[in-house]
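Enquirer: Here it is: the structure, laid out below.
The values are calculated or read from the model by the stated rules, or taken from the named source; none is laboratory data. All of these numbers come straight from a predicted model, not from anything done at the bench. As a convention, Cβ positions derive from the backbone with ideal geometry for all residues, glycine included, and neighbour counts pool all protein chains shown.
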Amino acid sequence: MRRVFVLCLVIFATVVSSVSGFDGNRKGFVLGGGLGFGPVAKIAADGYEGEAENSGIASNFLIGYAWDEKNMIVYYRDAIFYEKEFLGDDITLVQGFSGAGYLHYFGNQGKSAFIVAGLGMQDWQALDEDYDDADPGAGLLIGGGYEFARHWQFGMNLSFGNTEQLGFDLKHTQLTFCISTVAF
């Protein structure tokens, strides 16, 4: 996962090296992130009835390139952090989407609805080193929101995908609400 992030960062740095970033236009290099609430972090295993549903702190991150005032291609990360008791220990788990994202803004800066779509990987991992992470699988993200002020937006994302752990195929669904800032 970290290798994919570093590779994306190198590619984006190469692509945008000739573009002046942070000039106030929603064009060129873009960088952003935000925090919020994730009311749904659902996990279901193939072959088992029922599912585990959690909620927690949501975060997102993006870095990429906007080729005009309305369209961006980015590396997008959207995740939920939550605590769970497992074998007598309280552990923090992270469940989320990482991959290529496309954002489209419908209006002018500071007053615009937008949509986001992403294709990439689903992951599920414990922040405690004593527990093994699940093997990532395919992931999909869709969402949208509203840019309510220049560089500030509210968004809602729904992502889902698969992971595998200890021979079990796990299906994940996340719903996040975040307030984010995007520098351009």
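Enquirer: Identify the residue in the range 93-107 that is touching a Lys or Arg at 6+ places or on another chain (Cβ under 8 Å) and among the hydroxyl-bearing types (Ser, Thr, Tyr) and, among all such residues, is surrounded by the most Cβ atoms within 10 Å (Cβ to Cβ).
Expert: Here is the first cut: in the range 93-107, the ones touching a Lys or Arg at 6+ places or on another chain (Cβ under 8 Å) are 93, 96-98, 104-106.
Remaining after also requiring among the hydroxyl-bearing types (Ser, Thr, Tyr): 98, 105.
Working: 98: 25, 105: 21.
Going through the qualifying residues, I end up with 98.
Residues are listed down the side, and each one gets a yes or a no for (1) modelled with pLDDT under 90; (2) outside any loop (DSSP other than H, G, I, E, B):
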| position | (1), (2) |
| --- | --- |
| 19 | yes, no |
| 29 | no, yes |
| 47 | yes, no |
| 50 | yes, no |
| 53 | yes, yes |
| 68 | no, no |
| 72 | no, yes |
| 79 | no, yes |
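Enquirer: Ok, one more. Read through the list (1) out of contact with any Leu (no Cβ under 7 Å at 6 or more places or on another chain); (2) modelled with pLDDT under 95; (3) buried (at least 16 other Cβ atoms within 10 Å of the Cβ), then give the number of the only condition that residue 135 fails.
Expert: Answer for residue 135: the failing condition is (3).
Enquirer: Considering 118, 110, 161, which residue is surrounded by 19 or more Cβ atoms within 10 Å (Cβ to Cβ) and either within 23 Å of residue 30 (Cα to Cα) or of a type in the set (S, T, N, Q) (or both)? Walk me through how you get there before you give the answer.
Expert: Values: 110 fails: surrounded by 19 or more Cβ atoms within 10 Å (Cβ to Cβ); 161 fails: either within 23 Å of residue 30 (Cα to Cα) or of a type in the set (S, T, N, Q) (or both).
Within the list 118, 110, 161, the selection yields 118.
Enquirer: Provide a single number: the residues in the range 131-181 that are of a type in the set (Val, Ile, Thr) and touching an Asp or Glu at 6+ places or on another chain (Cβ under 8 Å).
Expert: The initial filter retains those residues of the range 131-181 that are of a type in the set (Val, Ile, Thr), namely 142, 163, 173, 176, 179, 181.
Going one step further and asking which of them are touching an Asp or Glu at 6+ places or on another chain (Cβ under 8 Å), we end up with 163, 176.
The total comes to 2.
Enquirer: What number of residues within the range 87-101 satisfy the criterion of being on the phi > 0 side of the Ramachandran plot and not small (Gly, Ala, Ser)?
Expert: Total satisfying the criteria: 1.
Enquirer: Restricting attention to the range 144-152, does a residue exist that is part of a strand (DSSP E or B), of a type in the set (A, V, I, L, M) and under 18 Å from residue 51 (Cα atoms)?
Expert: No, the range 144-152 contains no residue that is part of a strand (DSSP E or B), of a type in the set (A, V, I, L, M) and under 18 Å from residue 51 (Cα atoms).
Enquirer: Then there is this: Residue under question is residue 141, and the condition is that it be assigned to a strand (DSSP E or B), surrounded by 15 or more Cβ atoms within 10 Å (Cβ to Cβ), under 14 Å from the mean Cα position of the chain (by Cα) and touching a residue at least 60 places away in the same chain (Cβ under 8 Å); does it hold?
Expert: Against the criterion (assigned to a strand (DSSP E or B), surrounded by 15 or more Cβ atoms within 10 Å (Cβ to Cβ), under 14 Å from the mean Cα position of the chain (by Cα) and touching a residue at least 60 places away in the same chain (Cβ under 8 Å)), residue 141 qualifies.
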